[in-house]
Amino acid sequence: MEIGGMVSRQIALLITGCLLLRAAGAQNGDGCGYTFFGPESGTFTSKNYPNTYPNSTVCEWKIQVKPGERILLKFGDFDIEDVDSCHSSYLRIYDGFGAARTELGMKYCGLALRPEDVIESKSHEVTVLFMSGTHISGRGFLASYATTDKTDLITCLDKASRFSQPEYRKYCPAGCLTPFGEISGTIPLGYRDSSLLCMAGIHAGVVSNALGGPVSVVISNGIAYYDTAQANNITSKVGPLSTTLFTFKTTGCYGTLGMEYGAIPESQISSSSVLEWTDHTGQYNVWKADRARLKKPGPPWAASFADEHQWLQIDLNKPTKVTGIITTGSTISMYNYYVSSYKIEHSEDGLRWTVYKDPNTDREKIFQGNSDYHQEVRNNFIPPIVARFVKIRPTSWHQKIAMKVELLGCHNIHAVIPKLTAPPAFVPRAKHYPPPVDKTTPPPEIKNTTVTPNITKDVPLAAILVPALVMVCTSVILLLVCAWHWRNRKKKSEGTYDLPYWDRAGWWKGMKQFLPAKSAEHEETPVRYSSCEVSRLRPREVAMSAEYAQPLVGGAVGTLHQRSTFKPEEGKEPGYADLDSYNSPDQDIYHAYAEPLPTSGPEYATPIVMDMSGHPAGTMCLPSTSTFKAAGSQGPTLVGTYNKLLSRTDSSSSTQVLYDTPKVTPGACPVEEMVYQVPQPTTNKDVPP
């Protein structure tokens, strides 16, 4: 049974190759080597390549693509011995077929064609003729072709180390699964930089050997060890340390679909039959279908019969894009069972089934399976399958049919497929037939296994942004609080009148030296007033601050030569008296401003002394004090609010205006007189009697 399966597999491969050759071209002669022609690209070599080609041989390749297209030829290696100027051994390239063909270029021999050279046809047909005479050495050649729109065409011999860009895109021709060449590594870690680029692309499942196609490559730092893996009929080799490695960028639809992690329940896994028996210890064993989960400890699924009618079916419960499959054998050393080849069937409704075929052919594709009981083998579907049901049909096996499985892909939300479940076929001795159940189970997160591996662990973005935002917010709050406190302190320190710094006494002290000196001296005349009358002043007429001395009398004053210690009125220039502030018609008024002290003297104003005997006295009063300096050496006495004096009169009916009248309170008040000396005007003002 096993031998018959292997023979049928080889026959199918030969038939497939012949159909591909017939579609894209053909070869004739006894000097033809490895040849693979696809519909848009292909690869061919001289006989025995990369070893020395034989003597006295001839081969002719005819390459054809779709009408309207042209062909690019590129040689990855060219070494034809030149012993007689290309007379006996040479390569010739023609545009077209038959007698109407025209030669492109000349005879090529020696090292005439380099890897960077490209030959372009003028039509959709090309003939390549190789002749060999008697020679001693020479590897021959390897050539690839593609249509002219594949401008980034490379050959199957190009390695990743040839290209220095950190990322690039190239087009791999069909047929790069050659019997020569090797690769080291696998996905997701990547491939050693010495690996053949296109062969690694087939191994990774990003390009088809039968069709060729573009690959997007990313270069990364190398690793110390590259493990071996079997995938898509290629076995990678163990590789040592390398400075760089490369991986492939993909669409990301290569994640597991739930067999391994249990996202696909047992009710959605069925089989044609199950293996059951009682061992020598009397233990009853059943290797049923739900045991066919990759990496699950214990025995696998196994069929009761060893024939080609057995199958394992997986219901994905909804339309799904399936891009590959991974299989192992029994994974138990004492039971060396495995499936060495199989076919894939898929269905939309569970009733009508389609066998997966090689691209552009009508032949069923035979997938290479396992060669031992434990190693994982991956096969990719290019193009992918879009279906709900996937069925695995073994075609060859070792001892018994036994396997564990995982499907790769992603869910296709665009496909609309009816959810119908087909009952499993009846087979004798099949003890377990779990029917498929229409139950939606979300698959696990799909992981891209072919992208560039992460060499270092990335720090989550939130771990950086959150602390930074907290620090910024804290700083803003602290700045606002500090500004508020500073503003309050500034307000408290500005005093009652909130004057700007340039209007304070310190500023005026510095400006006194620039003013003209006093023009005349004033005589002093005693003026008396009662402190009781001061107490009768109305509160609204009393200034709210003791920072400046208030004038006793308002009136017109000439030029003020020195700064007064009284607070200037708002809107007036500091240091100058307001002319006729009260609009009084009387000409005989008092000079109500104190004479400024000399610059070197103490900063006290010399008050005006008035005779207050004419004012009525209240019955009760408190002692009154003035902010003016008293006569003699005795300093002034300061008492509370009574140092605030009036700046205007209460009545304008008399030329004898009352000044500094205190607020009257009930009760008797003795007349208290305080005598001060006041300067008398010498020129334009008369002193009232």
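The table below lists the values:
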| item | result |
| --- | --- |
| Matching residues, the range 325-384, being among the aromatic types (Phe, Trp, Tyr) and in contact (Cβ under 8 Å) with a residue 60 or more places away in the chain | Tyr335, Tyr337, Tyr338 |
| Filter result (open to solvent by 20 Å² or more (accessible area, probe 1.4 Å), under 26 Å from the mean Cα position of the chain (by Cα) and aliphatic (A, V, I, L, M)) within the range 183-225 | Ile187, Leu189, Ile219 |
| Where a residue in the range 80-99 is part of a strand (DSSP E or B) and at pLDDT 90 or above and its partner, wherever it lies, is surrounded by fewer than 17 Cβ atoms within 10 Å (Cβ to Cβ) and of a type in the set (Asp, Glu), with Cβ under 6 Å and at least six apart | Tyr94/Glu103 |
| Residue count, the range 218-231 (criterion: in a loop (DSSP other than H, G, I, E, B) and under 18 Å from Tyr373 (Cα atoms)) | 2 |
| Filtered residues of the range 55-69 (kept if over 25 Å from Asn209 (Cα atoms) and part of a strand (DSSP E or B)) | Thr57, Val58 |
| Search result, residues across the range 23-59 that are closer than 19 Å to Tyr90 by Cα, crowded, with 24+ Cβ neighbours inside 10 Å and not polar (S, T, N, Q) | Phe44, Tyr53 |
| Every residue from the range 100-126 that is open to solvent by less than 60 Å² (accessible area, probe 1.4 Å) and assigned to a strand (DSSP E or B) | Tyr108, Gly110, Ile119, Glu125, Val126 |
| Residue tally, condition within 50 Å of the chain's Cα centre (by Cα) and in a strand (DSSP E or B), over the range 127-151 | 7 |
| Single residue of the range 318-356 satisfying the filter (among the hydrophobic types (A, V, I, L, M, F, W, C) and over 23 Å from Ser267 (Cβ atoms)) that is most open to solvent (accessible area, probe 1.4 Å) | Met334 |
| Search result, residues across the range 236-278 that are within 25 Å of the chain's Cα centre (by Cα) and either under 17 Å from Pro319 (Cα atoms) or in a loop (DSSP other than H, G, I, E, B) (or both) | Lys249, Thr250, Thr251, Gly252, Cys253, Tyr254, Gly255 |
| Residue within the range 298-317 that is open to solvent by 30 Å² or more (accessible area, probe 1.4 Å) and either in a strand (DSSP E or B) or in contact with a Cys (Cβ under 8 Å, 6 or more places away or on another chain) (or both) present | no |
| Set Ser236, Ser242: member being within 13 Å of Ser184 (Cβ to Cβ) and in contact with a helix residue (DSSP H, G or I) (Cβ under 7 Å, 6 or more places away or on another chain) | Ser236 |
| Looking only at the range 357-409, and only at residues there that are polar (S, T, N, Q) and in a strand (DSSP E or B), the one that is surrounded by the fewest Cβ atoms within 10 Å (Cβ to Cβ) | Gln368 |
| Positions within the range 34-54 being farther than 18 Å from His135 by Cα, among the small types (Gly, Ala, Ser) and part of a strand (DSSP E or B), in sequence order | Ser41, Gly42 |
| When residues of the range 60-72 are limited to those that are under 25 Å from Gly110 (Cα atoms) and in contact with a Gly (Cβ under 6 Å, 6 or more places away or on another chain), the one least open to solvent (accessible area, probe 1.4 Å) | Ile63 |
| The range 129-174 - residue that is among the hydroxyl-bearing types (Ser, Thr, Tyr) and surrounded by 21 or more Cβ atoms within 10 Å (Cβ to Cβ) and, of those, nearest to Asp193 (Cα to Cα) | Thr155 |
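The values are calculated or read from the model by the stated rules, or taken from the named source; none is laboratory data. Small disclaimer: the values here were computed from a predicted structure and weren't measured. Positions of Cβ are backbone-derived with ideal geometry, glycine not excepted, and every protein chain shown enters the neighbour counts. What goes into the accessible areas is simple: the full protein's heavy atoms, side chains included, and nothing from ligands, DNA or RNA. Shrake-Rupley method; radii C 1.70, N 1.55, O 1.52, S 1.80 Å.
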